[in-house]
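The numbers here are math on the coordinates, done by the rules we state, and not lab data. Treat the numbers as computed from the prediction; the structure is a model and nothing was measured. Here the Cβ positions follow ideal geometry from the backbone for every residue, glycine too, while neighbour counts run over all protein chains shown.
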């Protein structure tokens, strides 16, 4: 039955209640306790709650049920399931419920709890600080119509007294909490940036969090290669933690998801017995999306983690992740610096001047000491077919080295086959019996040394699996050995190339000396000539041979020839052919007989599969006559002013192919104004890409299009036009042009 209102008595009671509440305002918890005791004097309080709003959460300061204090709770207010508490926060309105069951359809929101013995009536009062709803006061009864509008008004008056006090206490508590948190963060930052080992720093952090924030236990787990390892625990007095296997499902779950989890919001009725009875929280330690570990917190008894500490712990987790990242980077830099120092020392030994094998021996000795292996052996190529011989050895006694002396093995016997690629880390191989027996082991670690084109060698180390930094170190040592071997090979090749170039330059100089130094100066005639080789030496040649004077005055032998090859073989065959023609021409005046004799001498004196084409003519200037024989050479062109050039087609087989070949001599009676053009196939078969070959027709049209048939001008014009036609500075074939012009009188 409701108490009859008595204004005077109520005013006195309210004044007493307000004074009691104001006098007890030391902290929010005490204020809530006094508020309950005083309000219980005024009305029924089967159920009593006083709580505050923190962001999107609601936290009770006191919760009483049937006179018994319950454990305070905190929960998130979901927009789609706000309940009456959420409605109060959103609207700032009070609510009187005389009977929940009969008024269920008219309530602004449904209660968010479900209990077997729920209250029947209740008062819901907002605690306002200005326009802000800071909390809620809830008074409920198991009796229907236990509260009246008058009771609601009384509670509104009390809430107006209670709210400012609570606001001040909350601000004071928040200020104190922020101060503690700032001091905590500052002290933790100081610990994390110290130069102490990371394990010691993490241990100090767990102790600090436990003491300052009052946790039961704090643990830090690091994730390495997908495994969780305990790095620090506040229960370890010395600050050191063993790397034990993680048992908590909560920690493993956070490590997998990267999201914070706790047992506080989980159904206490779950049948999962692995969930701990105390409240546990696990926070991911990550930088951006990269996980480094998990921070595990266990609260004391049934206490929960205060909402305002969540942000602090998340910040702590991030700082721990950065500390672990920096420690890893520092360790990696230290390791890289050590490897760099070692490799510099190896490079110094590998690059030291002097004999290559001594430098390689020094590198192997240093490698044996650095890696801790018993022995190292360098196998070097014996030939290009993959056969290897024993090179420098370190770590073996002389008696064992002697057993390996003169031993040859195939790379394929070691499981190494083309393409040869330089190893990025050692790998295990099975040794063939020839190596296994003297080394007393069947296995070894191997590094392939390669120029990425050919095998430079194999580095063998006593069979073992290397871990940590050693594989990278050995790969670096292998690379240094490859560089020294490759440099040695390149130096040898360069020296050989320089020697060859000097020899070719000398050969070219000799070959040039074979060509006529001067051309005959005969009144009424012009001679022009140009010889160019595609390479250092070539197979083309021409010659002007002074012959014994005839009945009609001086005469000369003129020869142009082309060996069917290039380079040094063609140059040697050219020198022989020119010498034979020059020698025999002075003894045998008939061109056909000269070529026949040269042909037989070439076949009898050489075994080379080479041949030479040659056009040889005897020039008698006084008669204007040319007596010629052609051994398979390009047919000369005879040009007459104002008419197309004609081919001199008579020819026989090339020289050096068929023994006792027969040739015939023919005569050209040149007239004043006529021009004879002799050439090799380097002119007509010059290739101009999409335009095809230069061809005989282009040669003929070129000469016919010249305004001046002066012999040297014609030669220079032909050579220049051929080079332009190719579009490249280098010739693809030797080129020789010789012109003879009978001047007009």
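Cut-off 14 Å, label point 7 angstrom out along Cα-to-Cβ of residue 99: give me the residues of region 111-150 whose amide nitrogen falls inside.
120-122, 143-147
Modelling each spin label as a point 7 Å along the Cα-to-Cβ direction, I'd like the residue 70/residue 498 distance in nm, to one decimal.
9.7
To the nearest 0.05, what FRET efficiency results for residue 436 and residue 225 with a Förster distance of 30 Å applied to their C-beta separation?
0.30
Using a Förster radius of 56 Å, what is the FRET efficiency between residue 54 and residue 427 based on their Cβ-Cβ separation? Nearest 0.05, please.
The pair residue 54/residue 427 has a calculated efficiency of 0.40.
How large is the Rg to Rh ratio of region 364-421 when both quantities use alpha carbon positions and Rh follows Kirkwood?
Using only Cα positions, Rg/Rh for region 364-421 is 1.02.
Return, for the Cα atoms of region 442-496, the radius of gyration and Dmax in Å, separated by a comma.
Cα radius of gyration and Dmax of region 442-496 are 13.3, 44 Å respectively.
Taking square-rooted eigenvalues a ≥ b ≥ c of the alpha carbon gyration tensor, is region 515-742 rounded, prolate or oblate, where a/c under 1.5 means rounded and, failing that, a/b exceeding b/c means prolate?
oblate
Taking the simple approach of a point 7 Å from Cα along Cα-to-Cβ for both residue 40 and residue 80, what is their distance in nm?
For residue 40 paired with residue 80, the spin-label model returns 4.0 nm.
Between residue 161 and residue 695, what length comes free when the chain is fully extended (0.36 nm per residue of separation minus the Cα-Cα distance, one decimal in nm)?
Fully extending the segment from residue 161 to residue 695 adds 180.6 nm.
With the convex hull built on the Cα atoms of region 351-493, state its orientation-averaged projected area in nm².
Projected area, direction-averaged: 8.0 nm².
With all distinct Cα pairs included, what does the Kirkwood hydrodynamic radius of region 675-745 come out to in Å, to one decimal, could you say?
Evaluated on region 675-745, it is 12.5 Å.
Quickly work out the residue 328-to-residue 732 label distance, labels modelled 7 Å from Cα along the C-beta direction, and quote it in nm with one decimal.
Simple spin-label model gives 6.0 nm for this pair.
Return the FRET efficiency for the residue pair residue 704, residue 622: r is the Cβ-Cβ distance, R0 is 25 Å, and the value is rounded to the nearest 0.05. Don't jump to the answer; show the numbers that get you there.
On the way: r = 29 Å, r/R0 = 1.15.
Rounded to the nearest 0.05, the efficiency is 0.30.
Would you please state which residues of region 362-397 a label at residue 465 would reach in this model, taking the label point 7 Å out along Cα→Cβ and a backbone N cut-off of under 18 Å?
373
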